[in-house]
Structures are given as C-alpha cells and as structure tokens.
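Enquirer: My structure is below; once you've seen it, I'll send some questions.
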Amino acid sequence: IKRKRNKRRDYSLIFNVKEEEVALSQKEYLNNPKKFKALPGNIDLDSLTSAEGLVLPQHVGGDIGLRFLTSAEELVLPKSIGGSIYLWLLASAEGLVLPQHVGGDIDLRSLTSAEGLVLPESIGGSIYLNSLTSAEGLVLPQHVRGINLSSLTSAEDLVLPQLVGG
C-alpha cells in the first residue's frame, strides 16, 4: 500500500499546498528553494553563518539545523516545524521570529538576552536557553517538555509554564 502512495500528493494535503510546491528531499529543495513551500524532512544548513538570501519553506516536517548562524538578520523561519530548530550560536534574539509551532526542541544555547524573544505558544520538546542570565522579558509557553536555564542568575518576573514534562 505504501509503495503505491503518491507521497507528493499526500504531503500537499497535509501542508495545504500544491503538489508541485512539495520538495521530497533537501537536495530537491536546494535546487530551487523559491519554488517549494513544504519539505517533509530535515534541513541541514549548519555551514551557514548568515541568513542573507536564505529562503526556507513555509512548512518543514523535520528539524532545521542552523547551528552556526550568528545573526537572525534576514532570517525568515517557516510557519511550522515538525521537529527541532537548532540555533546554537545566536547570541541575540533581535530580529528573530520563531514559528507558531515547533514540534521538537528550540535550542538557543548561546542566547544571552531574552529581549525581543517571542517563543511559540506550542513547543512539543524542550527549550535550551543555557546562556541566559536574566529572565527579564522572557515569556515561556504554557506547556513544554523541559527547560534549560542553567546560567540564570535572576528569576525576577519569570513565570514558569503550567505543565513541564510529559
């Protein structure tokens, strides 16, 4: 049954886009990024240090790896990410607009300030804010699997989620 399915058609229904707007692989997406609005798999762009000229699909079913991106300038993330998003070297949230929904983790381990950070209401995984020293301006989602605030020295104004964990 699975072999006879039209994957492109199936994903077009899931992501509510046209069949020709679905890339079935990162390689296909990278050949013509402006054409595709959905990619059911992962995007590994860890080699990028700048988002200049980067066009991401509106929907990514897997993870997005932008581990070595140092600035959110010109970064336009998808509306939804089914997996995790890795932004390891991002020190500032200035200009960062996170998706409305992230199914996995959000890893902002180098972020030093929560100023301007707007987290999604829905996060299926954990939030890694390892380098954050102050909770000022931080609004956490109501439900999250885990939170890493290991460098926090001031929890003033911090409101924890209603539910942490499964």
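The values are calculated or read from the model by the stated rules, or taken from the named source; none is laboratory data. From a predicted model like this one, the values you see are computed outputs, not experimental measurements. Glycine gets a Cβ as well: all are built from the backbone with ideal geometry, and neighbour counts include every protein chain shown. Ligands, DNA and RNA are stripped out before the accessible areas are found, and what is left, the full protein with its side chains, is counted by its heavy atoms. Shrake-Rupley method; radii C 1.70, N 1.55, O 1.52, S 1.80 Å.
Enquirer: Take every Cα pair under 8 Å in the chain that's 6+ residues apart, average their separations, divide by the length, and report that relative contact order as a whole percent.
Expert: Numbers: 447 pairs, mean separation 20.0, N = 166.
Relative CO of the chain lands at 12 percent.
Enquirer: Please work out the average accessible area per residue across the chain, using the 1.4 Å probe convention, and give it in Å². It would help to have the intermediate numbers written out before the result.
Expert: On the way: 9350 Å² over 166 residues.
So the chain comes to 56 Å² accessible per residue, rounded to a whole number.
Enquirer: Additional query: Quick one: net charge around residue 90, please, counting Lys, Arg +1 and Asp, Glu -1 for every other residue with C-beta under 12 Å from its C-beta.
Expert: Values: positive: 67, 109; negative: 73, 94, 107.
Value of the local net charge: -1.
Enquirer: Based on the alpha-carbon gyration tensor of region 20-92, what equivalent-ellipsoid semi-axes (square roots of 5 times the eigenvalues) come out, in whole Å, largest first?
Expert: Values: eigenvalues 79, 31, 21 Å².
The equivalent ellipsoid of region 20-92 has semi-axes of 20, 12, 10 Å.
Enquirer: For residue 37, go through the aspartates and glutamates and keep the ones whose alpha-carbon is under 16 Å away, minus same-chain ones fewer than eight residues off.
Expert: 10, 19, 20, 21, 28, 63
Enquirer: How far is the Cα center of region 98-117 from the Cα center of region 43-63, in Å?
Expert: Here the answer is 15 Å between Cα centres.
Enquirer: What FRET efficiency comes out for the pair residue 70/residue 136, r = Cβ-Cβ distance, R0 = 25 Å, nearest 0.05? Write out the running numbers ahead of the final one.
Expert: Details: r = 23 Å, r/R0 = 0.92.
Using R0 = 25 Å, I get an efficiency of 0.65.
Enquirer: In addition: Would you work out which of 42, 14, 95 lies farthest towards the positive end of the dipole of the chain? Charges go on Cβ: Lys and Arg +1, Asp and Glu -1.
Expert: 14
Enquirer: Here is a further query. Rounded to a whole number, what % of the accessible area of region 42-166 do carbon and sulfur atoms account for, probe 1.4 Å?
Expert: Working: 3020 of 6090 Å².
Its accessible area is 50 percent carbon and sulfur atoms.
Enquirer: When the dipole is taken about the Cα centre of the chain, and only Lys, Arg (+1) and Asp, Glu (-1) are charged at their Cβ, what size is it in debye, to the nearest 20?
Expert: Its charge dipole is roughly 1300 debye.
Enquirer: Which three extents, in whole angstrom, do the alpha-carbon atoms of the chain cover along their principal axes, largest first?
Expert: In descending order, the Cα extents are 55, 35, 19 Å.
Enquirer: By per-residue mean of other Cβ atoms within 10 Å, what is the highest-first order of 157-164, 105-112? List each step's numbers first, then the result.
Expert: Working: 157-164: 12.4, 105-112: 20.8.
Output ranking for 157-164, 105-112: 105-112, 157-164.
Enquirer: Within a Cβ distance under 12 Å of residue 50, other residues only, what is the Lys/Arg minus Asp/Glu net charge? Mind dumping the intermediate values first?
Expert: Values: positive: none; negative: 52, 73, 74.
Once all neighbours under 12 Å are counted, the net charge is -3.
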